[in-house]
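Here's the structure we're looking at; comments come further down.
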Amino acid sequence: MEKLIRYSVKKLLEASSSQLVGTEINIKGWVRTRRGNNTLAFIAVNDGSIVHSIQVVAELENFDESTIKLVTTGSCISVNGILVESPGKEQSVEIQARHIEVYGTADAETFPLQKKGHTLEFLREIAHLRPRTNTFGSVLRIRHSLAFAIHKFFNDKDFFYLHSPIITGSDAEGAGAMFRVTTLDPHNPPMNAEGKIDFTQDFFGKETNLTVSGQLEGELGALALSNIYTFGPTFRAENSNTPRHLAEFWMIEPEMAFYEIQDNMDLAEECLKYIIRYALDHNFADLEFLNKMYDKELIERLQSVIEVDFIRLTYTEAVEILIKSGQKFEFKVEWGIDLQSEHERYLVEKHFGKPVILTDYPRDIKAFYMKQNDDGKTVRAMDILFPKIGEIIGGSQREENYDKLLNRIHEMGIPEKDVWWYLDTRRYGTAPHSGFGLGFERLVLFVTGMANIRDVIPFPRTPNNAEF
Ligand code: 4AD
Ligand code: MG
């Protein structure tokens, strides 16, 4: 087959492709559907560049029968043909095929995506093929865009991307159970005199795990470069089978020297709005598709979030609202409890009808590093709660006072030897500083309108699921 310039489907469907009309071009992609009769085949080809497929029209008499019969749903083909204006209303242009090469066949008897309309649950069982569906194509393109927008947002503000480690020797965050990293033989580990596993003989000479957060290392960066952010995978071994938890998820953790909690909230709100606007500006075709197929209020919801001021109130005020609401909650509300997703969503969806930033949580339910308020009961925490999601961001101003921090570490029984390096930042040139963590998949959930977090990451890691 003659070698011609290959165009993406996206390029060809863009208005600017009109100057290509009448020329012979090449496309490559996967066949979504094939319709037709005894003389013509209409082949919808998608290459993942855009949610739409391009129509290829083949006059059967011009093709070798043994080749054209292999052009079935799921097969991969390369097409040389003339780009022409399409007589159909569905598309502006289509391709009159001259030559077709079949790269890979897909047996109609066994190809799992033979028919349309599979459930999302079924597609999770074939995570290796689901990117070939329109739904996952859209989700993955949006996911990419959001990641890019995050880097752009911080880069434009002169923040530096800091790579925090994935393997860690500390569990200072206390955010949840961790995954052990070891090279010791699980069947025959070396034992010490106390009859315990001797981790001094392990790869790193100590116990190590996959990180639950890059924050503590992020703070080291911020107390040198002023403004940093991390963006990497984090791991939590909790057995929480919910539509909003993954065992492996990505988190963005900016950390800023000289920021107080108000500055932290301002940045977080600006950041979320910027990213969502970016998706509206750059992924409209995908959003329209998801809006039509899954969530009729999606685009409206995204637009409304970027237009309103987020509500800001204290945990204590929120608890009063919840108690007075007369609403029946599964978990009873009283001051001191960790708010459940039902409480968060009541505040956001029913009471205020917009995103909410809650501050000044009870110190007993928050991490050791949060700055203590003078009341002795609360800390300068801030969580951002979103419609349909609940908590999307968790953050705080950090305790910069060495003595207060050390006290808290002792109170919580954190071994000082695990965090001496963290404490050093408060001994040498400490500074007020703040930061937050944005759960990337929760953000993708919100922007795509999908209902389950397993459907917004290419290969979800959840309890009993690491097949692909
Ligand atoms: O509230 P978290 O646990 O906060 C931290 O880890 C802090 N170190 C962040 C910081 O201040 N730098 O987690 C932050 C966010 C949550 O708000 C949520 O969006 C997301 O991470 N998250 C999860 N997303 C998916 N699956 C899980 N299991 C998650 N746990 C937290
Ligand atoms: Mg949290």
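Taken together, G174, G88 contain a single residue that is modelled with pLDDT under 95 and farther than 18 Å from I54 by Cα, which is G174. The combined condition, being open to solvent by 80 Å² or more (accessible area, probe 1.4 Å), within 17 Å of the chain's Cα centre (by Cα) and more than 16 Å from ligand 2 (Cβ to nearest atom), is fulfilled by R277. So which residues in segment 170-185 are under 26 Å from Y422 (Cα atoms), open to solvent by 30 Å² or more (accessible area, probe 1.4 Å) and in a loop (DSSP other than H, G, I, E, B), if there are any at all? Selection gives D171, E173, G174, A177, M178, F179, T182. Restricting attention to segment 371-400, the residues being under 16 Å from the mean Cα position of the chain (by Cα), within 12 Å of ligand 1 (Cβ to nearest atom), surrounded by fewer than 24 Cβ atoms within 10 Å (Cβ to Cβ) and not aliphatic (A, V, I, L, M) number 3.
Here is the figure for segment 410-468: residues that are among the hydroxyl-bearing types (S, T, Y) and part of a strand (DSSP E or B) total 2. Within segment 80-93, work out how many residues are farther than 11 Å from A58 by Cβ, surrounded by 15 or more Cβ atoms within 10 Å (Cβ to Cβ) and out of contact with any helix residue (DSSP H, G or I) (no Cβ under 9 Å at 6 or more places or on another chain). So the count comes out to 3.
R345 falls short on exactly one of the conditions (1) closer than 21 Å to G218 by Cβ; (2) within 16 Å of ligand 1 (Cβ to nearest atom); (3) outside any strand (DSSP E or B); (4) of a type in the set (D, E, K, R), and that condition is (1). Restricting segment 234-250 to residues that are part of a strand (DSSP E or B) and either at pLDDT below 95 or open to solvent by less than 40 Å² (accessible area, probe 1.4 Å) (or both), the residue that is nearest to ligand 1 (Cβ to nearest atom) is F249. Please determine whether any residue of segment 186-197 is outside the structural domain of R312 (by TED's automatic domain parsing), open to solvent by 30 Å² or more (accessible area, probe 1.4 Å) and in contact with a Pro (Cβ under 8 Å, 6 or more places away or on another chain). The answer is yes; a qualifying residue exists. Regarding segment 262-271, can at least one residue be identified that is open to solvent by 50 Å² or more (accessible area, probe 1.4 Å) and either modelled with pLDDT under 95 or outside the structural domain of S145 (by TED's automatic domain parsing) (or both)? No; the residues of segment 262-271 include none that is open to solvent by 50 Å² or more (accessible area, probe 1.4 Å) and either modelled with pLDDT under 95 or outside the structural domain of S145 (by TED's automatic domain parsing) (or both).
One residue stands out among those in segment 302-356 that are among the basic types (K, R) and under 30 Å from L280 (Cα atoms): the one that is modelled with the lowest pLDDT, which is R345.
Return yes when L162 is modelled with pLDDT of 95 or more and closer than 25 Å to C271 by Cβ and no when it is not. Judged against the criteria, L162 is a match.
The values are calculated or read from the model by the stated rules, or taken from the named source; none is laboratory data. None of the values given here were measured: they were computed from a predicted structure. Virtual Cβ from ideal backbone geometry, glycine too; neighbours counted across all protein chains shown. Areas reflect the complete protein model, heavy atoms only, side chains present, ligands, DNA and RNA absent. Shrake-Rupley method; radii C 1.70, N 1.55, O 1.52, S 1.80 Å.
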